[in-house]
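Comments concern the structure below.
The values are calculated or read from the model by the stated rules, or taken from the named source; none is laboratory data. Here the structure is a predicted model, which is why all the values come from computation and not from measurement. Here the Cβ positions follow ideal geometry from the backbone for every residue, glycine too, while neighbour counts run over all protein chains shown. Accessible surface is based on the protein model in full, side chains and every heavy atom, while ligands, DNA and RNA are left aside. Shrake-Rupley method; radii C 1.70, N 1.55, O 1.52, S 1.80 Å.
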Amino acid sequence: MSEVSVIGLGEMGTALAAALVRHGKKVTVWNRSPEKAAALVAAGALLAPDSAAAIRASPVVILCVSNYAATRAILEPTDVSSGLPGKLVVQLSTGTPKEARELETWVQARSARYVDGAILAWPRQIGGADAVILVSGSAEAQAQGHSLLSLLAGGLTSMGPEVGASSSLFAAVLAYLAGRWIGLSHGALICEAEGLDVAAYGALLANLAPILGQDAKHMGDVIAKNAFTSPESTLRTAAGDISGLMRHSQEARINGEFPRFAADLFARAVRAGHGAEEHAAIIKVLRQA
Ligand code: NAP
């Protein structure tokens, strides 16, 4: 028996298994394409011949594959699922809260415990103090997994017993990141069009990170308290600035999809009478959609 099995050796699964090996754990690994296990085996991991053997090898099984459908495809064959009773299954693949709830029910019906996790880190951060992993599931399941999972992320954070909570918060964070990635790329288009150094633009944003972090916290507070009436800068001001972005995309002849999308939302919020409120009041338009 090993202490933990890691199933899925893509970018993230490899980082998880490597961190556990570095911490001296006896780790069994399995991947659909076995060649990805070579470096881990050289570092001391054991390669299971198939997924059924990987499940049987350890009391704790961590899965990190593309999505829940892939996890299901691995776990559901009878020779694999018959090895589940008494195990702790930790699912670190990304999915929706509904998928997490359904998988917990399925795993518990096979007399195993289940922890659902969401990774808020790059593979290079795994095993370090900066990595955050959100976990949810029964107190017993989380307690069983805690010592191993805390080796993977200094920021291991319990979201409590509601098993969909980690996926829910991951989705909320991903929504923020999606907007940020598109916004950053449109900013890079502007720099390219105007002859500015895109790397310097990235560095400027990095310097602004503490202020942007405070803004995120402020917006969360304002929305949670439904208190939009004391703006330092109004939604109308933001709407005007963002319509300027649209003008710029026409003048500079660059892609205008993102400015159009943003300007449309802000204009609708102004038309709906929220112009004098905090820019977080944009959520009132989104709530109607
Ligand atoms: P990846 O490099 O694309 O690896 C995907 C893994 O899933 C591979 O091991 C692949 O096996 C396996 N897989 C896919 N379909 C399968 C199937 N039907 N049966 C068996 N195995 C299957 O992806 P990744 O970056 O490691 O991401 C894995 C999970 O971590 C995703 O849910 C992702 O959202 C999450 N995550 C990743 C990051 C990140 O920065 N990478 C950050 C946070 C969360 P093969 O090698 O055989 O193709």
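Residues of the range 111-138 that are in contact with a strand residue (DSSP E or B) (Cβ under 9 Å, 6 or more places away or on another chain) and open to solvent by 70 Å² or more (accessible area, probe 1.4 Å): ARG113, ALA129, ASP130.
The residues of the range 55-80 that are open to solvent by 70 Å² or more (accessible area, probe 1.4 Å) and either basic (Lys, Arg) or more than 8 Å from the ligand (Cβ to nearest atom) (or both), listed by number, are ARG56, GLU76, THR78, ASP79.
Of all residues assigned to the range 34-54, none qualifies as being out of contact with any helix residue (DSSP H, G or I) (no Cβ under 8 Å at 6 or more places or on another chain) and under 22 Å from VAL163 (Cα atoms).
Annotation: of all residues in the range 2-40 being open to solvent by 70 Å² or more (accessible area, probe 1.4 Å), more than 9 Å from the ligand (Cβ to nearest atom) and among the basic types (Lys, Arg), the one that is farthest from LEU120 (Cα to Cα) is LYS26. Residues that are of a type in the set (A, V, I, L, M) and surrounded by fewer than 18 Cβ atoms within 10 Å (Cβ to Cβ) within the range 41-54 comprise VAL41, ALA42, ALA43, LEU47, ALA53, listed in sequence order. Residues that are among the small types (Gly, Ala, Ser) and exposed (fewer than 11 other Cβ atoms within 10 Å of the Cβ) within the range 217-232 comprise ALA224, SER230, listed in sequence order.
Could you tell me whether LEU46 is touching a strand residue (DSSP E or B) at 6+ places or on another chain (Cβ under 9 Å), aliphatic (A, V, I, L, M) and within 15 Å of the ligand (Cβ to nearest atom)?
Values: touching a strand residue (DSSP E or B) at 6+ places or on another chain (Cβ under 9 Å): yes; aliphatic (A, V, I, L, M): yes; within 15 Å of the ligand (Cβ to nearest atom): no.
Judged against the criteria, LEU46 is not a match.
Collect the residues in the range 82-110 that are surrounded by fewer than 18 Cβ atoms within 10 Å (Cβ to Cβ) and either touching a Lys or Arg at 6+ places or on another chain (Cβ under 7 Å) or within 24 Å of GLU11 (Cβ to Cβ) (or both), keeping them in residue-number order. Listed by number, the residues that qualify are PRO85, THR96.
Residues in the range 233-289 that are touching a residue at least 24 places away in the same chain (Cβ under 8 Å) and open to solvent by 80 Å² or more (accessible area, probe 1.4 Å): ARG236, ARG253.
Considering every residue within the range 190-211, establish whether at least one is among the polar types (S, T, N, Q), out of contact with any Ser or Thr (no Cβ under 9 Å at 6 or more places or on another chain) and assigned to a helix (DSSP H, G or I). I'd like the intermediate steps shown before the answer.
So in the range 190-211, the residues among the polar types (S, T, N, Q) come out as 207.
From the residues that got through so far, the ones that are out of contact with any Ser or Thr (no Cβ under 9 Å at 6 or more places or on another chain) too are 207.
Next cut, assigned to a helix (DSSP H, G or I) only: 207.
Yes, the conditions are met somewhere in the range 190-211.
So, in the range 169-192, how many residues would count as being open to solvent by less than 50 Å² (accessible area, probe 1.4 Å) and either of a type outside the set (A, V, I, L, M) or assigned by the TED database to the domain that holds ASN255 (or both)? Final tally of qualifying residues: 6.
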